[in-house]
Amino acid sequence: MGILDDREIDIEEAQKFLYSAPDIDLLPNLPCRLNAKDAAFILSVSVPTIRRLFDKNLLASDGDGSTSKDSLVEFIERNYLADLPVL
């Protein structure tokens, strides 16, 4: 069990916090372009998973197997609470 129990997370408050300061860099010190291996590392998934996300247009790709930092941040913002159980 982690520090916070899933039932202790207020999803609305978490979303307000995330969107309250749009000028905060969620991925500081990263280059503007990321290859599939780097994107996989940041998202804690495999490179084949990143390629599937590219293929399904769930993560923007520029066609050469890389993505932008902005696209990665957008993906994280859309999916950051996706693994919480629905109670």
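The values are calculated or read from the model by the stated rules, or taken from the named source; none is laboratory data. Being a predicted model, the structure only gives us computed values, none of them experimental. Neighbour counts run over all protein chains shown; Cβ positions are idealised from the backbone, glycine included.
Among the candidates 81, 53, 27, the residue that is at pLDDT 90 or above and closer than 29 Å to residue 10 by Cα is uniquely 53. Restricting attention to the stretch 22-52 and to residues that are closer than 14 Å to residue 79 by Cβ and touching a strand residue (DSSP E or B) at 6+ places or on another chain (Cβ under 9 Å), the residue that is surrounded by the fewest Cβ atoms within 10 Å (Cβ to Cβ) turns out to be 42.
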